[in-house]
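Worksheet for the structure shown next.
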Amino acid sequence: MSRLHFTLEKVAHGSKARAARFQTLHGEVHSPVFMPVGTQATVKAQTVDTLKATGSRVLLANTYHLLLRPGPDVFRKFGGIHRFMNWDGPVLTDSGGFQIFSLPSERAMNEEGARFRSYVNGDSHLLSPESSIAMQKTIGSDIMMVLDQCIPSTAPHDQAEAAMELTHRWAKRSLLARGESPAALFGIVQGACHQDLRRRSAAFLRELPFDGLAIGGLAVGETHAQRYEFTGLVTEELPQNLPRYLMGVGTPIDILEAVHRGVDMFDCIIPGQLAQRGVAFTARGKLLLRRVAHKFSDAPIEADCDCTTCRHYSRAYLHHLSKADEMLGWHLLGIHNLAFYHRLMRNMRQSILSNDFPAFYERNRSELGRNDEENVVHPVKKPASARVQHLGDYDVLNNSGGFSSIRQISSGEIMHSVNPPEDEARKLYVEQSNLALWLSQSRSPELELVLWDVGLGAGSNAMAVIRCFEQVLAERGPGVTRSARLVSFECDLDPLTLALKFPSHFPHLRHAAPHSILRDRVWTHTSGLLVWELYPGDFLTHLESAAIPDLIFYDPFSARINTGLWTAQVFTRIFQHCRPKSSELYTYSSAPAVRAALLVAGFFVAEGVGTGSKTDTTLAFTQPERATHHLTRPRLLGQEWLTRWRRSRSKYPADLTSDEWPLFERKLECHPLFTRGSSG
């Protein structure tokens, strides 16, 4: 039985992310958890009090360094590291294997262990599995690590295999050396970047009575993609009932990616190391306080951070301390960085417990990777208002209602001028179409749901679809969430490109998906259940080649600006393409000419909900039964509407000549909605 009494509380829907808790000799730990590195029985530039204030729960100390200084006699005198450093929380000790790896020219490795000379006094030491465990027991750590042979992650197969086999033999010896100690002991999976070795190592170690298993030998030469690949590969091979620890990793984005792949525990020197260099972590990426742009800023690092640094000190002061290489700057930035890391872990844990992790993951993948310039509050020599807010024929319009829109300069047409873009997208398209129900497997679970987003614009409709999908996935789980394909059409990508430059103005874009869709033209949700495709260029050239839609969100610029997409001819092509299915079309326009064009094309047209300044919008169905069974019970157009249409001064699509009007009107009046006596 594990000495940690590990309890797995939740595994996220659509992810391998886990929330768990376990009991150590010095208290309970909730995961995911980040462990600040206190190599020499101290976290650099921090006190025990500041560590606790930031939310630190578990510290990491290093056996190799503590063996050399202050040495085992000191720990025996004080009864262990907790009294020695005045820390009453759990401590994990590394075995010293990585430090031996870091000094290849100053040590000799063999089956017995690693012999090296002390950097303190030159004495010769043998670090073996037995002596490493003995020292860790003397230190009094709550969690001990086996001695392993760490090699570069890019090492060839034969070298990686030999090191792995030695690590396995040392793992058995470490277990024997642990004996009856109440401290937990973790094994370490090795195998470099070789899939077969990683699987063999995990299979070997999971059969031994360890209290947890670690992933070693990463962040030592491989690419980020390889790190994520092998992290996910190893966690697939590890038991569910033990904690998983990714050693020496890493940056906030590395941790997010690893939690997504099922890792519980992390350590890294980065929060303190980068604080020493004047770097602060924020929810929108790193902030380099040494930059002159921060010299006059009276803003905190992050407005919503409640750490001591953000409550009491400005960016200008932190800039000064960093430029002057003052110890206080390191200390204050370290406080903020550790608080940020621990808050990130708490937020991930909460998102797992609330079934919202896939959405949390997608939102933060792009945000955590932003550069320093995105965080500047008061740039020097140039006021904030001078930052260019236009691209091509589009600019950013800050509305009086407290939200922003994209405006086409040449026409003056504004995308979502009355309501925030995300609100209009949700009400008009997502809620009115009952998209959440469509995404439930109660509707055609064997068939992929296909949704067209005609007129990507600044991405508000597409992102509303993605948010809805993530909510359904979180609430119902992958087993009852239907697979879906979102197909966006857009002839001009400048609006989305521009909006992505100003995420503070367009919060609906704070997600990894829009960045990927611009770059790769395709994005797949982490669950694998949603694929988003982009067809750039003229919609009409792609219409018949795209997957047949169940739902169409028709949102190009208005008929006044984009006449060619609001004609009976275009709607007829859409109708004919959709005939194999029973499809639904939703659009913001309620113009008589648009509704008439839809009717002449063959659609059954109904009045939709009002939004913004519009009293109503438009729904169109290829089959009338869909309107009858629609949850909102939309009102199909009838003789009353036809009478109003006849009186309208703008009742014909703009592409028709006056000679074509009579034929168009006859086709309209022959529609079944009017010939079978429908009213409305």
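Of all the residues in the range 328-344, those that are small (Gly, Ala, Ser) and farther than 12 Å from Thr50 by Cβ number 1.
Among the conditions (1) closer than 23 Å to Ala275 by Cβ; (2) in a strand (DSSP E or B), the only one that Trp87 does not satisfy is (2).
Set side by side, the residues Glu665, Glu584, Glu669, Glu640 differ, and just one is in contact with a strand residue (DSSP E or B) (Cβ under 6 Å, 6 or more places away or on another chain) and among the acidic types (Asp, Glu), which is Glu584. Among the residues of the range 584-616, those identified as among the polar types (S, T, N, Q) and surrounded by fewer than 21 Cβ atoms within 10 Å (Cβ to Cβ) are Ser589, Ser590, Ser613, Thr615.
Of the residues making up the range 313-325, those that are closer than 18 Å to Ser297 by Cβ and either part of a helix (DSSP H, G or I) or of a type outside the set (S, T, N, Q) (or both) are Tyr313, Arg315, Ala316, Tyr317, Leu318, His319, His320, Leu321, Ser322, Lys323, Ala324.
Filtering Glu640, Glu660 for residues that are surrounded by fewer than 13 Cβ atoms within 10 Å (Cβ to Cβ) and acidic (Asp, Glu) leaves a single hit, Glu640. Filtered by the rule that a residue be aliphatic (A, V, I, L, M), more than 24 Å from Pro358 (Cβ to Cβ) and part of a helix (DSSP H, G or I), the range 490-528 gives a lone residue, Leu498. Taking Ser433, is it assigned to a loop (DSSP other than H, G, I, E, B) and modelled with pLDDT of 90 or more? Yes; evaluated as a whole, the condition is true for this residue. Is there a residue being farther than 24 Å from Leu435 by Cα and aromatic (Phe, Trp, Tyr) anywhere in the range 570-588? No. The set of residues in the range 324-370 being small (Gly, Ala, Ser) and either farther than 23 Å from Arg510 by Cα or at pLDDT 95 or above (or both) consists of Ala324, Gly329, Gly334, Ala339, Ser351. Set side by side, the residues Val465, Val531 differ, and just one is assigned to a helix (DSSP H, G or I), under 26 Å from Glu446 (Cβ atoms) and within 20 Å of the chain's Cα centre (by Cα), which is Val465.
I'd like to know if the range 166-179 contains one or more residues that are closer than 30 Å to Gln40 by Cβ and within 32 Å of the chain's Cα centre (by Cα). No, the range 166-179 contains no residue that is closer than 30 Å to Gln40 by Cβ and within 32 Å of the chain's Cα centre (by Cα). Could we say that Val279 is within 30 Å of Ala192 (Cα to Cα) and β-branched (Val, Ile, Thr) here? Here the answer is no, as Val279 does not meet what is asked. Under the condition of being in contact with a helix residue (DSSP H, G or I) (Cβ under 9 Å, 6 or more places away or on another chain), part of a strand (DSSP E or B) and more than 17 Å from Ile139 (Cα to Cα), the residues counted in the range 90-128 number 6. Annotation: of all residues in the range 445-462 being in a loop (DSSP other than H, G, I, E, B) and in contact with a Phe, Trp or Tyr (Cβ under 9 Å, 6 or more places away or on another chain), the one that is surrounded by the fewest Cβ atoms within 10 Å (Cβ to Cβ) is Gly455.
Residues of the range 559-581 being out of contact with any helix residue (DSSP H, G or I) (no Cβ under 9 Å at 6 or more places or on another chain), assigned to a loop (DSSP other than H, G, I, E, B) and not β-branched (Val, Ile, Thr), which ones? Scanning the range 559-581 gives Arg560, Asn562, Arg579, Pro580, Lys581. Tell me yes or no: at least one residue of the range 29-49 is farther than 24 Å from Gly216 by Cα, surrounded by fewer than 17 Cβ atoms within 10 Å (Cβ to Cβ) and either small (Gly, Ala, Ser) or in contact (Cβ under 8 Å) with a residue 24 or more places away in the chain (or both). Checking the range 29-49: not a single residue is farther than 24 Å from Gly216 by Cα, surrounded by fewer than 17 Cβ atoms within 10 Å (Cβ to Cβ) and either small (Gly, Ala, Ser) or in contact (Cβ under 8 Å) with a residue 24 or more places away in the chain (or both).
Selection of the range 1-44 for residues being under 30 Å from Gly71 (Cα atoms) and not in a strand (DSSP E or B) yields Ser2, Arg3, Leu4, Leu25, His26, Gly38, Thr39, Gln40, Ala41, Thr42, Val43, Lys44. As for the range 313-323, it holds no residue that is assigned by TED's automatic domain parsing to the domain that holds Gly334, under 18 Å from Met345 (Cβ atoms), out of contact with any Phe, Trp or Tyr (no Cβ under 6 Å at 6 or more places or on another chain) and surrounded by fewer than 22 Cβ atoms within 10 Å (Cβ to Cβ). In the range 292-304, the residue that is nearest to Arg370 (Cα to Cα) out of those that are surrounded by fewer than 19 Cβ atoms within 10 Å (Cβ to Cβ) and in contact with a helix residue (DSSP H, G or I) (Cβ under 7 Å, 6 or more places away or on another chain) is Ala299.
The values are calculated or read from the model by the stated rules, or taken from the named source; none is laboratory data. Remember, it's a predicted structure, so these values are computed and weren't measured experimentally. Here the Cβ is made from the backbone with ideal geometry for all residues, glycine too, and neighbour counts use every protein chain on show.
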